[in-house]
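The values are calculated or read from the model by the stated rules, or taken from the named source; none is laboratory data. A quick note: this is a predicted structure, and the numbers were derived from the prediction, not measured. As a convention, Cβ positions derive from the backbone with ideal geometry for all residues, glycine included, and neighbour counts pool all protein chains shown. When the accessible area is computed, the model is the full protein with side chains, heavy atoms only, and any ligands, DNA or RNA have been set aside. Shrake-Rupley method; radii C 1.70, N 1.55, O 1.52, S 1.80 Å.
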Amino acid sequence: MYHAAVCEDEKEIASYIMKTLANEFQQNNVQVEFDLFYNGNQLLSMMDEHYHFDIVFMDIEMPEIDGISICRKIRQMNEDALVVFISNKDELVFSTFEVQPFRFVRKSHFDQLLPSLVPAIITELNRRNPAIIRIMEPRSKDLFSFDINHIQFIEAQGKNCQIHCTNNTTEIKISLSEIEQLLVDYDFIKPHRSYLVNYKFINAIKKNSIELSNAELIPISRNRIDEVKHLFIQYTNRSLS
């Protein structure tokens, strides 16, 4: 399932866009869960809480903050999100190039373009194929979404875990063993009882630590050094094959 946001300040238009898109995705046998926002700050606040949107549909001219400014901020938080501008201001299309939207759709042509827009989005999502993992806090039931490819390492801090990503760090009230179970099908290694490390970001295996691509060092337990080296060699060979 994919997650999409619709950001439009006119409520009737926002509701119509969301319902029409949902129906079109359903006809293409693709499950998409939508969230509706009536201003950009609401959307950015949600994303700042580390909620991952695969697709963002939004107007350009909105109160408080315009769509292009929103997209700049989205690019800082989630550079992989597909952004589709839906606007009647044709003269703004050139202003959107700097933030690299996937499409610019005129509101007046929305219905006519929908049958070609949605398959194009699906094709691009399949091409990118991000590996999204969703972690729910056992007590609060808060749901967090992460792109596996952006997680560098996970560190246990008492009863909590810190998820260190390429652009931010999020702390979740969950045990490392629970996260480890969720990541069993992905390329993570446990060099120490308090750490899980994404192989993708390993730069070197040193005497008693792992050096990441950002030069950060992760400790290796004394009794796991040989195993860590062996597993890393296996991963490297697998990646090259």
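Observations on the structure shown:
- All-pairs Cα distance distribution in region 95-231, expressed in whole percent, bin size 5 Å: 2, 8, 16, 17, 14, 11, 9, 8, 7, 4, 2, 1, 0, 0
- Averaging Cα coordinates gives a centre for region 86-160 and one for region 180-241; these two points are 29 Å apart.
- Karplus-based coupling profile of region 147-153, in residue order and whole Hz: 8, 3, 5, 9, 7, 7, 7, with θ = phi - 60° in 6.51 cos²θ - 1.76 cosθ + 1.60 and x standing for Gly or Pro.
- Close amide H pairs (under 5 Å, H built 1.01 Å from N) link residue 88 with 107, residues at least 5 positions away or on another chain.
- Positive-end residue of 121, 191, 133, charge dipole of the chain with Cβ unit charges: 191
- Coordinate range along principal axes, alpha carbons of the chain, Å, largest first: 65, 41, 33
- Radius ratio Rg over Rh of region 11-57, counting only Cα atoms, Kirkwood formula for Rh: 1.00
- Residue by residue, region 165-181 carries 3J(HN,Hα) couplings of 10, 5, 10, 6, 10, 10, 9, 10, 7, 7, 7, 5, 5, 5, 5, 4, 5 Hz when phi is fed to the Karplus relation 6.51 cos²θ - 1.76 cosθ + 1.60 (θ = phi - 60°); x denotes Gly or Pro.
- Listed by chain and number, the aspartates and glutamates whose alpha-carbon sits under 15 Å from that of residue 207, ignoring those within fewer than 8 places in the same chain, are 216, 226, 227.
- Here region 101-145 is treated with +1 on each Lys and Arg Cβ and -1 on each Asp and Glu Cβ, and its dipole about the Cα centre works out to around 60 debye.
- The portion of the accessible surface of region 1-136 made up by carbon and sulfur, rounded to a whole percent, is 46 (1.4 Å probe; DNA, RNA and ligands excluded).
- Counting only Cα atoms, the size of region 77-170 along its three principal axes is 54, 26, 26 Å, in decreasing order.
- As a fraction of the 1.4 Å probe accessible area of region 163-209, surface on carbon and sulfur atoms comes out at 41 percent.
- Percent of alpha-carbon pairs separated by more than 23 Å within region 25-145: 34
- Solvent exposure of the chain amounts to 54 Å² per residue of accessible area, where only protein heavy atoms count and the probe is 1.4 Å.
- Karplus-derived 3J(HN,Hα), 6.51/-1.76/1.60, for each residue of region 209-220, Hz, glycine and proline x: 7, 9, 9, 8, 5, 8, 6, 6, 10, 10, x, 10
- With the largest listed first and rounded to whole Å, the semi-axes of the equivalent ellipsoid of region 64-109 from the Cα gyration tensor are 18, 11, 9.
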